[in-house]
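What follows is a single structure, written as structure tokens, with notes after it.
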Amino acid sequence: MSGIRTKLWRIEQHRDATGLREQLLEASARLRAGGLVAFPTETVYGLGADARNADAVERIFAAKGRPSDNPLIVHVASIAAAEALANEIGPVERRLMETFWPGPLTVVLPVRPGAVSPRVTAGLDTVAVRLPAHDIARELIALADVPVAAPSANRSGRPSPTLAEHVREDLNGRIDGIVDGGAADVGLESTVAMVDPDGAVRVLRPGGVSAEALAAAGFDVAPADADDAAAEDAGAAPRSPGVKYTHYAPKGRLCVVEGAPEAVRASIQARLDADAAEGARTAVLAFAPAPPGAADAYRGAHKLIALADAPGDAATAANRLYAALRACDAARIERLYAEGLVEPTGLGRAFLNRLRKAAGHRIVTV
Ligand code: AMP
Ligand code: MG
């Protein structure tokens with residue numbers, strides 16, 4: 001599918017308020033009219049459509065090549081708009097919204113029949129709802145004045161877009177427009193959570209709101225599996241159908257190497273040496289790599305990408321991960337090695353979840 005002219009709305013940083021509003025009015029009118037409009041959020045770029053309009057929602061699945069049993073997150077601009085989508089909102093769900101909205105937390109609620117197209121919920125009796133913190137996203141949704149179904153604005157199986165340019169790479173000619181609002185902030189998709197019957201908050205997908213942040217805010221958090229990425233892919237979280245798909249995969253074969261820093265570096269170097277003998281194009285995704293020319297920099301890698309500037313800096317790594325995977329695709333890298341040098345806590349948990357999934361669970365512990 002191609003041939004649609006994809007309009008680009010550039011929201012320059014210092015644009016005056018009137019100009020900004022004009023652009024967003026035009027983009028929101030497209031949404032209201034059943035169009036597909038990609039927009040920035042604080043997590044990643046979303047591909048939006050009116051969640052009540054079955055044809056518009058259908059076009060999301062077609063443009064992305066997304067499996068139809070994978071439900072969509074509905075984005076709203078106020079808690080009142082979320083109330084209109086749900087049958088009822090329990091006290092814990094309400095407190096989650098009041099504590100973490102606007103922000104990167106998606107809450108699964110019992111759907112109010114008829115509130116959104118059944119295509120949005122993929123036939124489930126629940127709907128996943130989020131109020132994004134990004135100014136442009138909130139204003140666009142408020143102006144459109146409809147609930148906006150919006151998965152990540154990438155072709156299915158590709159890394160999520162953290163820049164408007166990534167959206168163009170994947171969806172130019174397939175969607176009506178892209179609102180360019182610069183780089184996404186968190187860089188990973190939202191935390192998806194639901195409340196168990198006993199009141200505990202269950203994280204179905206880790207993200208920008210960590211289990212630690214939930215606990216610190218006084219929520220009772222249901223225990224997660226040690227490696228939630230593997231558990232999800234093995235089908236341990238059937239309540240969130242999307243997590244079973246191999247998302248975020250680069251075209252080359254990615255392997256995550258975890259362990260003590262020195263051992264990790266030695267293991268990756270040995271793999272690069274073996275790959276060089278075979279003539280494979282390789283890349284290393286490193287935490288705080290040594291400066292070029294230093295004795296312990298990786299030898300023979302075609303590409304050396306710094307995911308962070310210091311070991312263990314999960315926030316920077318989360319922010320750079322998807323762009324790094326796309327850069328490797330663009331450079332036709334065949335084998336990627338990632339240093340798994342981050343603690344599986346806080347945002348580090350979400351980062352490792354996405355990294356391990358991107359690697360199809362090729363994880364080496366040294
Ligand atoms: P994406 O929009 O591509 O980031 O994926 C949306 C995520 O939200 C997937 O992992 C879905 O499984 C999850 N999700 C959407 N709707 C629901 C729902 N009603 N119940 C549980 N998980 C959901
Ligand atoms: Mg996605």
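I want to confirm something. Restricting to region 119-159 and keeping residues that are part of a strand (DSSP E or B) and in contact with an Asp or Glu (Cβ under 9 Å, 6 or more places away or on another chain), which single residue is nearest to ligand 2 (Cβ to nearest atom)?
Going residue by residue through region 119-159, those that are part of a strand (DSSP E or B) are 126-130, 148-149, 152.
From what's left, in contact with an Asp or Glu (Cβ under 9 Å, 6 or more places away or on another chain): 148-149, 152.
On the way: V148: 15, A149: 12, S152: 3 Å.
Looking at the filtered set, the residue picked out is S152.
How many of the residues in region 138-149 are under 18 Å from D180 (Cα atoms) and open to solvent by 10 Å² or more (accessible area, probe 1.4 Å)?
Qualifying residue count for the region: 4.
Within the set of pairs 6+ apart or on separate chains, which have a first residue in region 354-366 that is more than 18 Å from V186 (Cα to Cα) and free of Cβ contacts under 8 Å to residues at least 12 places away in the same chain, a second that is basic (K, R) and part of a strand (DSSP E or B), and C-beta atoms under 8 Å apart?
The qualifying pairs do not exist here.
Considering each of A137, A86, A122, A115 in turn, give the residue that is among the hydrophobic types (A, V, I, L, M, F, W, C), within 17 Å of D50 (Cα to Cα) and at pLDDT below 95.
Step by step, each of A137, A86, A122, A115 is checked, and only A122 is among the hydrophobic types (A, V, I, L, M, F, W, C), within 17 Å of D50 (Cα to Cα) and at pLDDT below 95.
Test each condition in (1) within 18 Å of I60 (Cα to Cα); (2) of a type in the set (S, T, N, Q); (3) within 16 Å of ligand 2 (Cβ to nearest atom) for T106 and report the one that comes out false.
Result: T106 passes all but (1).
Of the conditions (1) closer than 19 Å to A38 by Cβ; (2) away from ligand 2 (no atom under 16 Å from the Cβ); (3) not in a loop (DSSP other than H, G, I, E, B), F61 clears all except one; give me its number.
Checking F61 against (1) closer than 19 Å to A38 by Cβ; (2) away from ligand 2 (no atom under 16 Å from the Cβ); (3) not in a loop (DSSP other than H, G, I, E, B), the one that fails is (2).
State all residues of region 344-366 that are over 23 Å from E42 (Cα atoms) and open to solvent by 20 Å² or more (accessible area, probe 1.4 Å); if no residue qualifies, say none.
Passing the criteria: G360, H361, R362, I363, V364, T365, V366.
Applying the selection to region 53-103, what residues are small (G, A, S), closer than 23 Å to R205 by Cα and open to solvent by less than 10 Å² (accessible area, probe 1.4 Å)?
A82, A86, G103 - these are the residues of region 53-103 that are small (G, A, S), closer than 23 Å to R205 by Cα and open to solvent by less than 10 Å² (accessible area, probe 1.4 Å).
State yes or no: is R155 open to solvent by 60 Å² or more (accessible area, probe 1.4 Å), closer than 24 Å to D176 by Cβ and within 13 Å of ligand 1 (Cβ to nearest atom)? Don't jump to the end; show me each part of the working.
Values: open to solvent by 60 Å² or more (accessible area, probe 1.4 Å): yes; closer than 24 Å to D176 by Cβ: yes; within 13 Å of ligand 1 (Cβ to nearest atom): yes.
In short, yes.
List the pairs whose first member sits in region 175-189 and is without any contact (Cβ under 8 Å) to a residue 60 or more places away in the chain, whose second member is small (G, A, S) and buried (at least 21 other Cβ atoms within 10 Å of the Cβ), and whose Cβ atoms are under 7 Å apart, counting only residues at least 6 apart or on separate chains?
none
Among strands (runs of 3 or more DSSP E) lying entirely in region 183-301, which contain 3 or more residues that are in contact with a strand residue (DSSP E or B) (Cβ under 7 Å, 6 or more places away or on another chain), modelled with pLDDT under 95 and surrounded by 22 or more Cβ atoms within 10 Å (Cβ to Cβ)? Lay out the reasoning, then the answer.
Values: elements: 191-195, 201-205, 253-258, 282-287.
So the answer is none; nothing clears 3.
Please go through region 64-90 and pick out each residue that is within 15 Å of ligand 2 (Cβ to nearest atom) and either small (G, A, S) or in a helix (DSSP H, G or I) (or both).
Passing the criteria: K64, G65, S68.
The values are calculated or read from the model by the stated rules, or taken from the named source; none is laboratory data. What you see is a predicted model; the values in this text were computed from it and never measured. Glycine also receives a Cβ, built like all others from the backbone with ideal geometry; neighbour counts cover every protein chain displayed. Protein only, heavy atoms only, side chains kept; ligands, DNA and RNA dropped before computing areas. Shrake-Rupley method; radii C 1.70, N 1.55, O 1.52, S 1.80 Å.
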